[in-house]
Amino acid sequence: MTLNPAPNSFRTGPDERGRFGIFGGRFVAETLMPLILDLEKAYADAKADPSFKADMESYGTHYIGRPSPLYFAERLTEHLRAQGPAGQGAKIFFKREELNHTGSHKVNNVLGQILLARRMGKPRIIAETGAGQHGVATATLCARFGLKCVVYMGAVDVERQAPNVFRMKMLGAEVIPVQSGTRTLKDAMNEALRDWVTNVSDTFYCIGTVAGPHPYPAMVRDFQSVIGIETKQQMLEMEGRLPDSLIACIGGGSNAMGLFHPFLDDRDVEIYGVEAAGHGVQSGLHAASLTGGRPGVLHGNRTYLLMNEDGQIADAHSISAGLDYPGIGPEHAWLHEMGRVTYLSATDAETLEAFKLCSMLEGIIPALEPAHALSKVMELAPTKPADHLMVLNLSGRGDKDIPQVAQIFGQTL
Ligand SMILES: *Cc1c(COP(=O)(O)O)cnc(C)c1O
């Protein structure tokens, strides 16, 4: 379904109402509207202020550890070349976001939002979290800047993700288990939105992905775009030209948007997003909103969602708690319909294979989330010519997943 002619630029969105084509927007209660407008204005001011950019760069360097390396995955490249036709097989690079402080790309966005909250004079930060990675990143920066931090987390996730709950508490955050609905991420986000309307004056809502009402999808994308900007520069330095393809996993879609956005108008660059297919898209047990969902409204924006026949939001399933969201950022929904980005999906089983391979061949234990994208690299790379440069966004490290993977492989720790 193509709703719009291809635009001159894929990088100009959203429009003034926060829309990417028919997606995005701000479907919020009237009581929330003044807060959203306030935030939009504060963000526009910050974007135009060189001191905000300077702070982002300074903390980015000294606190997060940026720039993250662009690394040639030599043994993986050779291994996959040996699988395909002779003389063929892409040269594979990892953008190493797993080396950031707190172990994933999440912190790039949190830094931006926390610096913005400080500018706005908001002393209390709230966040939603599923697997706990965004909660940990938020708790970390709140500790660093002496801000009060409240994290909403589905009660089911509180139980599943005990180490991250403990981390957040160590960092001084209050973790509130959410008992409504399916007691997972989407319910935590509803609860955080409810908190925000009731604590108007002192509270800043730090959203963890490119979802929510405008301006969040665009703002979070901008903060994550450092990934793509660095990649472009690093590839030019290493290979003297742009990459031929980019690939990233998608939960809400922030690490992917961050890598993709600076390249959207480089039309020769192929771009692939990888959703979580769980037990397979046909099984109904998955988190592939574009592949297996349809458009609707959730958390203040219109996008592709997993829904049952009555339009109720369905449960998402994935081996990876970080991809377990029944929606996807609205800009991805638009890029999907415009055909600029190709969206694939990877099953739990494919993901585990990639997880093992990366660990054994590169000495890097990836998080289960980017292992989804890596499993598609394993399929795509052997079909490409030998001079094809492919960049995988290695969005996080796998330490957090060790207990779960050990259990799946039947090992006790
Ligand atoms: C949270 C998380 C994701 C998924 O979130 P996006 O917004 O889609 O990037 C992916 N990888 C890691 C390591 C994460 O922690």
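So ALA314 passes all but one of these: (1) more than 27 Å from LYS384 (Cβ to Cβ); (2) at pLDDT 95 or above; (3) aliphatic (A, V, I, L, M). Which condition number does it fail?
That leaves (2) as the condition not met.
I want to confirm something. Restricting to segment 304-325 and keeping residues that are near the ligand (Cβ under 10 Å from one of its atoms) and hydrophobic (A, V, I, L, M, F, W, C), which single residue is nearest to VAL156 (Cα to Cα)?
ALA321
Considering (1) in the same structural domain as LEU242 (by TED's automatic domain parsing); (2) under 25 Å from PRO330 (Cα atoms); (3) part of a loop (DSSP other than H, G, I, E, B); (4) of a type outside the set (Val, Ile, Thr), say which one PHE27 fails and leave the rest.
(1)
Specify the residue that is farthest from THR209 (Cα to Cα); the eligible residues are those in segment 49-82 that are in a loop (DSSP other than H, G, I, E, B) and open to solvent by less than 20 Å² (accessible area, probe 1.4 Å).
Here is the first cut: in segment 49-82, the residues in a loop (DSSP other than H, G, I, E, B) are 49, 65-69, 73.
Narrowing the set further to residues that are open to solvent by less than 20 Å² (accessible area, probe 1.4 Å) leaves 68, 73.
Values: SER68: 20, ALA73: 27 Å.
It comes out as ALA73.
Listed residues ASP310, ASP324, ASP315; which is free of Cβ contacts under 8 Å to residues at least 12 places away in the same chain, under 30 Å from PRO217 (Cβ atoms) and open to solvent by 10 Å² or more (accessible area, probe 1.4 Å)?
Details: ASP324 fails: free of Cβ contacts under 8 Å to residues at least 12 places away in the same chain; ASP315 fails: free of Cβ contacts under 8 Å to residues at least 12 places away in the same chain.
After applying the criteria, what remains is ASP310.
Kindly indicate which of HIS372, HIS332, HIS336 is within 16 Å of the ligand (Cβ to nearest atom), surrounded by fewer than 23 Cβ atoms within 10 Å (Cβ to Cβ), modelled with pLDDT of 95 or more and closer than 30 Å to HIS214 by Cα.
It is HIS336.
What are the pairs, 6+ residues apart or on separate chains, where a residue within segment 152-173 that is touching a residue at least 40 places away in the same chain (Cβ under 8 Å) has its Cβ under 6 Å from a residue that is open to solvent by less than 40 Å² (accessible area, probe 1.4 Å) and in a strand (DSSP E or B)?
Taking only residues 6 or more apart or on different chains, the pairs are TYR152/GLU128; TYR152/VAL178.
Looking for whichever is of a type outside the set (Val, Ile, Thr), surrounded by fewer than 15 Cβ atoms within 10 Å (Cβ to Cβ), assigned by TED's automatic domain parsing to the domain that holds PRO163 and more than 18 Å from the chain's Cα centre (by Cα) here; the options are PRO85, PRO34. Which one fits?
On the way: PRO85 fails: assigned by TED's automatic domain parsing to the domain that holds PRO163.
Being of a type outside the set (Val, Ile, Thr), surrounded by fewer than 15 Cβ atoms within 10 Å (Cβ to Cβ), assigned by TED's automatic domain parsing to the domain that holds PRO163 and more than 18 Å from the chain's Cα centre (by Cα) holds for just one of PRO85, PRO34, which is PRO34.
I need a count of the residues in segment 376-407 that are touching a residue at least 40 places away in the same chain (Cβ under 8 Å) and over 21 Å from ALA131 (Cα atoms).
16
Being more than 13 Å from the ligand (Cβ to nearest atom) and within 23 Å of TYR205 (Cβ to Cβ) is the filter here; which residues of segment 226-253 pass it?
VAL226
Hey, HIS286 hits all of (1) within 14 Å of the ligand (Cβ to nearest atom); (2) surrounded by 24 or more Cβ atoms within 10 Å (Cβ to Cβ); (3) closer than 26 Å to PHE23 by Cα but one; which does it fall short on?
(1)
Please go through (1) closer than 17 Å to TYR71 by Cβ; (2) touching a Phe, Trp or Tyr at 6+ places or on another chain (Cβ under 7 Å); (3) not polar (S, T, N, Q) for LEU236 and return the number of the only condition it doesn't satisfy.
(2)
Only one residue in VAL391, VAL377 is closer than 17 Å to GLY253 by Cα and away from the ligand (no atom under 12 Å from the Cβ), so which one is that?
On the way: VAL377 fails: closer than 17 Å to GLY253 by Cα.
Unique residue meeting the criteria: VAL391.
Out of GLN224, GLN234, I need the residue that is open to solvent by less than 50 Å² (accessible area, probe 1.4 Å), farther than 19 Å from TRP334 by Cα and at pLDDT 95 or above. Which one? Lay out the reasoning, then the answer.
Working: GLN224 fails: farther than 19 Å from TRP334 by Cα.
That would be GLN234, the only listed residue that is open to solvent by less than 50 Å² (accessible area, probe 1.4 Å), farther than 19 Å from TRP334 by Cα and at pLDDT 95 or above.
The values are calculated or read from the model by the stated rules, or taken from the named source; none is laboratory data. Since this is a predicted model, take the numbers as computed values, not measurements. For neighbour counting, all protein chains shown are included, and Cβ atoms are generated from backbone atoms with ideal geometry for every residue, glycine included. Heavy atoms of the whole protein, side chains included, go into the accessibility calculation; ligands, DNA and RNA do not. Shrake-Rupley method; radii C 1.70, N 1.55, O 1.52, S 1.80 Å.
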